[in-house]
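Report on the structure given below.
The values are calculated or read from the model by the stated rules, or taken from the named source; none is laboratory data. Being a predicted model, the structure only gives us computed values, none of them experimental. All Cβ positions, glycine included, derive from the backbone under ideal geometry; neighbour counts span all protein chains shown.
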Amino acid sequence: MQKVVILEYVGQESLEFDLYNSFREKIYEKGTPLTPSMVLKFSTVAVYRDENEGELVSSVSRAKYKTYDDSLTSVYSHEIAEYLVSNAKKVIEQVEKGEIPDKSVCEATRNIIIDEISSKIDEVESIHQLRIVDDYTFSHGVNVASICSALAFKFDFQQKEIEDLTLAAFLHDIGKTRIPPEILQKPKPLVPSELEIMKQHTIYGYDIIKNQMGLPERIALVALEHQEKYNGTGYPRGIKGKEISLFSQIASIADVYDALVSQRVYKEPMTSSDAIKIMIAEGSKSFNPFVLYKFIYLVNYKSSDGIVEDPQIIGFSEDTEHEGAESATKIDSNLLD
Ligand SMILES: [Fe+2]
């Protein structure tokens, strides 16, 4: 028996193999429709297939051939991309000079991102159409904001939520402006003492957004929490599951993805499919499986019809549980079918 990572098959219409549980009992026949509820249920539970059924091509492997299609154009024209990156540069330079970032520049950036993504979201076939390839320091915030904005549309968030998440994502790394450049730009892995300094960027970011800019708590929280992990092993507070705000859970997925596929001083850019494989392997250790599932759908450019996308279900409601396996099963059995 071979373990199956069910998230790899997101986007496939039906099971291409019989599915077994850990007692080696067949639970689904080959050909059974692969519903979102089934994927969510088995994303946190071990399932298996008979390895004698031959090599199977998952949607992750297929993505390798699709994501570098040069014929797909960016949602941003050259002029708009330049404008967005120059705004990011302006904001970062203001903080470096000890000034308070200009809120109107941040909001103008947010509005352009939302306008461009919302008008083109239905035609987007690859996540790369949402990204700007430029100097990471300035393009990363724009890219994370663009991916978050697309996810917010996929989740059917209300306008105010789309706006706040996009702005939060744009500013999530603003605290890095207070990290010494020799640590930020170090072309080698950081030693533990440097890592501790680096971790402070989350707290600095919260301070800049909340106290200096006077923006709402939920926007500042994304800067504070985007390095937290779903199982509680992240930083700065080591909070887990629904203790991490939903905005932060979404931004952390976009953040990790953009960092993996970007060129950095210490690494070459990774292909989209390799990045997704790493993120799937991390699974619910790092990410909310439900948000990761939606993200993989976005990467695999499949329509997400058929899945309930009410923000109430996935965390805006105080009553909603969405932690790990329990939540995936709960969403599955109660709300998606
Ligand atoms: Fe980041």
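Only residues in the range 182-206 that are free of Cβ contacts under 8 Å to residues at least 12 places away in the same chain count as the first member; pair them with residues that are among the aliphatic types (A, V, I, L, M) and surrounded by 11 or more Cβ atoms within 10 Å (Cβ to Cβ), Cβ under 8 angstrom, at least 6 apart or cross-chain, and list the lot.
Cβ pairs passing all conditions: Leu190/Ile183; Leu190/Met198; Glu194/Ile183.
Applying the selection to the range 231-258, what residues are outside any helix (DSSP H, G or I), of a type outside the set (Val, Ile, Thr) and surrounded by 17 or more Cβ atoms within 10 Å (Cβ to Cβ)?
The answer is Asn231, Gly234, Tyr235, Ser245.
Just give me the residues in the range 247-264 being of a type in the set (A, V, I, L, M), modelled with pLDDT of 95 or more and in contact with a His (Cβ under 8 Å, 6 or more places away or on another chain), in sequence order.
If the condition is that a residue be of a type in the set (A, V, I, L, M), modelled with pLDDT of 95 or more and in contact with a His (Cβ under 8 Å, 6 or more places away or on another chain), then Ala251 is the only one that fits.
Given the criteria over 23 Å from Ile100 (Cβ atoms), crowded, with 18+ Cβ neighbours inside 10 Å, in the same structural domain as Asn87 (by TED's automatic domain parsing) and within 12 Å of the ligand (Cβ to nearest atom), does Val261 qualify?
In short, no.
Would it be correct to say that Thr137 is within 14 Å of the ligand (Cβ to nearest atom), in a helix (DSSP H, G or I) and over 29 Å from Glu79 (Cα atoms)?
For Thr137, the condition - within 14 Å of the ligand (Cβ to nearest atom), in a helix (DSSP H, G or I) and over 29 Å from Glu79 (Cα atoms) - is not met.
Is there any pair linking a residue in the range 273-298 that is on the phi > 0 side of the Ramachandran plot to one that is β-branched (Val, Ile, Thr), with Cβ under 9 Å and at least six apart or on different chains, and which?
From residues that are on the phi > 0 side of the Ramachandran plot, the pairs are Gly283/Val5; Gly283/Thr44.
Within the range 136-172, work out how many residues are farther than 24 Å from Glu125 by Cβ and surrounded by fewer than 24 Cβ atoms within 10 Å (Cβ to Cβ).
Residues in the range 136-172 being farther than 24 Å from Glu125 by Cβ and surrounded by fewer than 24 Cβ atoms within 10 Å (Cβ to Cβ): 9 in total.
Just name the residue that is modelled with the highest pLDDT out of those in the range 35-71 that are surrounded by 16 or more Cβ atoms within 10 Å (Cβ to Cβ) and closer than 17 Å to Val124 by Cβ.
Top of the filtered list is Ser59.
Considering only the range 157-230, give the helices (runs of 4 or more DSSP H) lying wholly within it that have at least 3 residues that are at pLDDT 95 or above.
159-171, 192-199, 201-206, 217-225
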